[in-house]
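Heads up, the thing below is written out as structure tokens.
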Amino acid sequence: EVDQLGDVNASRAELFRRDLARFIHVPEDELGPMIHSKPGRKNLKPFQQEYVDKYSINICDEEHDELRSVLMLHAVDASRWIRKYFLESPDVMVSSKYYLDEILAKWEIDICSAEKSTATAKKS
């Protein structure tokens, strides 16, 4: 899960970095810095921004509710399966099972519903 790349917990991030280097068979000192960038949060050139603006959607828009509900069903199923079966396999190695479990649990939260609830609460 890519959120591990931006982990602010230094000791856990270092463990992830060591494990990743070992997994991809690269000496740790040759791995380079972990850079985690979320889509849409970069300084884009004008033609790139125009492309992004033209083809991107806001998944929280009401017109995408049906699509989002299908995606959420899959996200919840995947989160639970990975946490219950995949992470429990003796053949799977993760740097921080607890942290990955925490991240995967967030897949079950519809951020759009959470944002709407927060916006409604602020209006009250």
- Task: Report the label-to-label distance for Asp77 and Leu5 in nanometres (one decimal), using points 7 Å from each Cα along the Cα→Cβ vector.
- Result: 2.7
- Message: I need the phi-derived Karplus couplings for the stretch 50-65: 6.51 cos²θ - 1.76 cosθ + 1.60, θ = phi - 60°, integer Hz, Gly and Pro marked x.
- Response: 4, 5, 4, 4, 5, 10, 8, 10, 9, 4, 7, 5, 3, 5, 9, 4
- Item | Solvent exposure ordering (accessible area, 1.4 Å, most first) of Asp3, Asp77, Asp29 | Asp29, Asp77, Asp3
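The values are calculated or read from the model by the stated rules, or taken from the named source; none is laboratory data. All figures in this text were calculated on a predicted structure; none of them were measured in a lab. Using ideal geometry, Cβ is built from the backbone for each residue, glycine included, and neighbour counts are taken over all protein chains shown. What goes into the accessible areas is simple: the full protein's heavy atoms, side chains included, and nothing from ligands, DNA or RNA. Shrake-Rupley method; radii C 1.70, N 1.55, O 1.52, S 1.80 Å.
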